[in-house]
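This report refers to the structure that appears directly beneath it.
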Amino acid sequence: MNSICILLIDEKSISEKVIIKSFDKLIKSQIKKIYIIGDKIKFQKIYKKINKCNKFEFYNIKNDGKNNFLFLKKITKKSINLFKDKKIKYLINMPIDKKRFLNNNFSGFTEFFSFMCKDKKKENMLLYNDTFSVCPITTHIEIKKVDKLITKKKIIYTVKNIFNFYKKINKKVQIVYLGLNPHAGIDLNNNSKEERVIKPTISLLKKKFPIIGPVSADTAFRKISNKIFIGNYHDQVLIPFKLINKFNGINITIGKKYIRMSPDHGTGKRLKKNEYISNESFVNCIKFCEKY
């Protein structure tokens, strides 16, 4: 089985332009079958382009715009059923406006997808690249709330999720856990988060997993090859990842039975009228599906 599903969600985004630009790549790819789910009226350029090609199959689910969250649930449920029926191996969702489609019910698509898989709170967002990857323990939350959410339980299941994912794609990496505080708390007293929670947990995990830490975040990214960096909050790891990799990365939800990914960029509404739009991250999603 070498088939995938693409979710077309936000018609106000650059999703349609990205896919149209990538059409030749999709046609020539080693992927056997590509299922696309969305509203054929709102994505009519894609629908017309693929309608006569046997490699594609379009599932039309109407979105009247009155309840975007319900529409998102419907198309995501359809994609999960394709997993259950063993028709697809990977799901690629195109970027969405969280405020329009998630109704403040979830902080991001990663958490929403976990909910739809009926396996809550044990998911992780992995920003993947062949050279190095990053994984934030917490995602789209206020910085003042981060400390309370860094727990032994969360660190353990994050490391397990990372290890199992890389085992599945048969790739060896070194896991590096970053300190929460400056210099990984070395200048602070024994009551810091590093001393109370992070260090004891990493010592426990070292018995089974290739992990080091906590490492000072300000120097951790000097040597990056074949490493996966675990950060305590979103920007601690996404800033260096995007600065170094630019568009050469993909967003993957790990810790679930099914692998879901998306291009590592937002909706790009302001770019929609521009002639040049990069499709590099989407193409990297396709390449990952081909390679693994």
Which residue pairs have Cβ atoms closer than 6 Å, lie 6 or more positions apart in sequence or on different chains, and pair a first residue in segment 198-215 that is in the same structural domain as Asp147 (by TED's automatic domain parsing) with a second residue that is assigned to a loop (DSSP other than H, G, I, E, B)? Pro214/Gly179
Could you check, for segment 116-131, whether at least one of its residues is without any contact (Cβ under 8 Å) to a residue 60 or more places away in the chain, surrounded by 15 or more Cβ atoms within 10 Å (Cβ to Cβ), under 26 Å from Ser79 (Cα atoms) and in the same structural domain as Phe71 (by TED's automatic domain parsing)? yes
Which residues, counting only those in segment 82-99, are assigned to a helix (DSSP H, G or I), modelled with pLDDT of 90 or more, charged (D, E, K, R) and buried (at least 16 other Cβ atoms within 10 Å of the Cβ)? none
Which condition breaks for Phe58 when tested against (1) in contact with a strand residue (DSSP E or B) (Cβ under 7 Å, 6 or more places away or on another chain); (2) more than 24 Å from Lys287 (Cβ to Cβ); (3) free of Cβ contacts under 8 Å to residues at least 24 places away in the same chain? (2)
Here are Lys167, Lys172, Lys207: which of them is outside any loop (DSSP other than H, G, I, E, B), surrounded by fewer than 14 Cβ atoms within 10 Å (Cβ to Cβ) and among the basic types (Lys, Arg)? Lys167
With the condition kept exactly as written, say whether any residue in segment 113-123 is hydroxyl-bearing (Ser, Thr, Tyr) and either over 28 Å from Tyr177 (Cα atoms) or assigned to a loop (DSSP other than H, G, I, E, B) (or both). no
Restricting attention to segment 264-271, does a residue exist that is assigned by TED's automatic domain parsing to the domain that holds Asn129 and among the aliphatic types (A, V, I, L, M)? no
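Yes/no per residue for (1) in contact (Cβ under 8 Å) with a residue 24 or more places away in the chain; (2) of a type in the set (D, E, K, R); (3) not assigned by TED's automatic domain parsing to the domain that holds Ile75:
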position: Leu7; (1), (2), (3): yes, no, no
position: Asp24; (1), (2), (3): no, yes, no
position: Lys32; (1), (2), (3): yes, yes, no
position: Ile36; (1), (2), (3): yes, no, no
position: Lys45; (1), (2), (3): yes, yes, no
position: Asn51; (1), (2), (3): no, no, no
Matching residues, segment 1-55, being among the aromatic types (Phe, Trp, Tyr) and not in a helix (DSSP H, G or I): Tyr35, Phe43
Suppose we filter Ser79, Ser22, Ser15 for residues that are surrounded by 15 or more Cβ atoms within 10 Å (Cβ to Cβ), touching a helix residue (DSSP H, G or I) at 6+ places or on another chain (Cβ under 7 Å) and of a type in the set (Ser, Thr, Tyr); which single one remains? Ser22
Single match in Ile211, Ile198, Ile228 (criterion: β-branched (Val, Ile, Thr) and in contact with a Cys (Cβ under 8 Å, 6 or more places away or on another chain)): Ile228
Which of the residues spanning segment 210-233 are over 22 Å from the mean Cα position of the chain (by Cα), in a strand (DSSP E or B) and of a type in the set (Val, Ile, Thr)? Ile212, Val215
Looking at (1) surrounded by 15 or more Cβ atoms within 10 Å (Cβ to Cβ); (2) in contact with a Ser or Thr (Cβ under 9 Å, 6 or more places away or on another chain), can you tell me which one Lys32 breaks? (1)
Applying the selection to segment 80-104, what residues are among the aliphatic types (A, V, I, L, M) and in contact (Cβ under 8 Å) with a residue 40 or more places away in the chain? Ile80, Leu82, Ile88, Leu91, Ile92, Met94, Ile96
Are any residues in segment 210-262 buried (at least 19 other Cβ atoms within 10 Å of the Cβ) and polar (S, T, N, Q), and if so, which ones? Asn232, Gln236, Asn245, Asn251, Thr253, Ser262
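The values are calculated or read from the model by the stated rules, or taken from the named source; none is laboratory data. Owing to the predicted nature of the structure, the values given are computational and were not obtained by experimental measurement. Heads up, the Cβs are rebuilt from the backbone with ideal geometry, glycines too, and the neighbour counts pull from every protein chain shown.
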